Each structure stands twice: as structure tokens, then as C-alpha cells.
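J.: Let me begin by handing over the structure; questions about it come next.
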Amino acid sequence: MKKIMFLLMFVAFTVGAMADNVMKKLDDGTYVVRTTTICNARGYRKATPVDVYIKKGVVVKVVALKNEETVPYFKRVRQSLLPKYSNLKVSKAKKLASKSVVDGCTGATFSTSAVQKNIKAALDYYERHK
């Protein structure tokens, strides 16, 4: 019986810890969703995780996390793509992230597509767990 209780407590702690690593709520009411563990979309080289900041159903900003993409190309993604999501309602941001046509102005089509998938995954997670 003690082993079962210990196992149940361990599972509950592990699940709680995983949830904390995906989404957290800041003191000002802003939710931050980190996609490192919920989306496996790959750019040209590897994963392109992001943090999506959401407050009162509106995307505040999207921040690219450490990745191994080609620096000059990913810089264009940061400058051209990520700001497009600021101040959009979650529903509009999801539509933008779902676009299958990738904006070629960055020249980083694999990275852009992967970032869009990460943003969509973050927004979906937010809607399910807020």
C-alpha cells in the first residue's frame, strides 16, 4: 500500500512539474507558454521553440528561444515574423499561425514554418489549459 501511495504521489508531482514547464502565469496575469516539450516542429537544422506571452486573450509577444538555426536567416524570422503576432487576439493569431503559405521575405522557409507550428501549439495549449 505504501508503494502505491508513493507511486501515485510521484506521478502527481511529475505531471505537475511538467505542466509548470509548459505554461506559467505571471503576477500581472500574463500566461507564458513554452513550446520546448509540446511541439517537435523542426526548422532547417533542429527545433525552434518559442515562448508565447498571452494576457487577457491577446498575444503580447512571441520570443524565440535558443535554437540551432542559421543565424542570419533566423534573425529575419525574429524581425519579420514574430512581431506580426503582437496585439492579436488568440483566435486571429491561430489563423495566422495556421497559414500554409510561408512568407518568403525572410528566406528562411523551414524555420518560418517551424516557428508557426510552435506558435500554434502554444496557442492551442493555452486554450486547453488556461
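J.: Within straight cross-link reach of LYS61, meaning Cα distance under 17 Å, which lysines are found once same-chain residues fewer than 8 apart are removed?
T.: Excluding near neighbours in sequence, the set is LYS24, LYS25, LYS75, LYS84, LYS89, LYS92, LYS94, LYS95, LYS117, LYS120.
J.: Same structure, new question: Work out from phi, with θ = phi - 60° and the Karplus expression 6.51 cos²θ - 1.76 cosθ + 1.60, the ³J(HN,Hα) of each residue of the stretch 34-51, listed in order in whole Hz, and give x for Gly and Pro.
T.: 9, 9, 4, 10, 10, 9, 10, 5, 10, x, 5, 10, 8, 5, 10, x, 9, 10
J.: Using a basic spin-label model with each label point 7 Å from the Cα along Cα→Cβ, how many nm lie between SER80 and GLU68?
T.: Roughly 2.5 nm, to one decimal.
J.: Then there is this: Starting from the Cα of LYS55, step 7 Å along the direction of its Cβ; do the same at ASN21; then give the gap between the two resulting points in nm.
T.: Taking the two extended label points, one gets 2.8 nm.
J.: Contour minus end-to-end for THR37 and LYS92, with contour as 0.36 nm per residue of separation and end-to-end as the Cα-Cα distance?
T.: 17.4 nm
J.: Hey, if we sort PHE74, PHE110 by accessible area with the 1.4 Å probe, largest down, what's the order?
T.: Largest accessible area first, the residues go PHE110, PHE74.
J.: With an 8 Å Cα cut-off and a minimum separation of 6 or more residues, compute the relative contact order for the stretch 19-130 in percent.
T.: 29 percent
The values are calculated or read from the model by the stated rules, or taken from the named source; none is laboratory data. Not measured: the values here are computed from a predicted model. Heads up, the Cβs are rebuilt from the backbone with ideal geometry, glycines too, and the neighbour counts pull from every protein chain shown. With ligands, DNA and RNA removed, areas are computed over all heavy atoms of the protein, side chains included. Shrake-Rupley method; radii C 1.70, N 1.55, O 1.52, S 1.80 Å.
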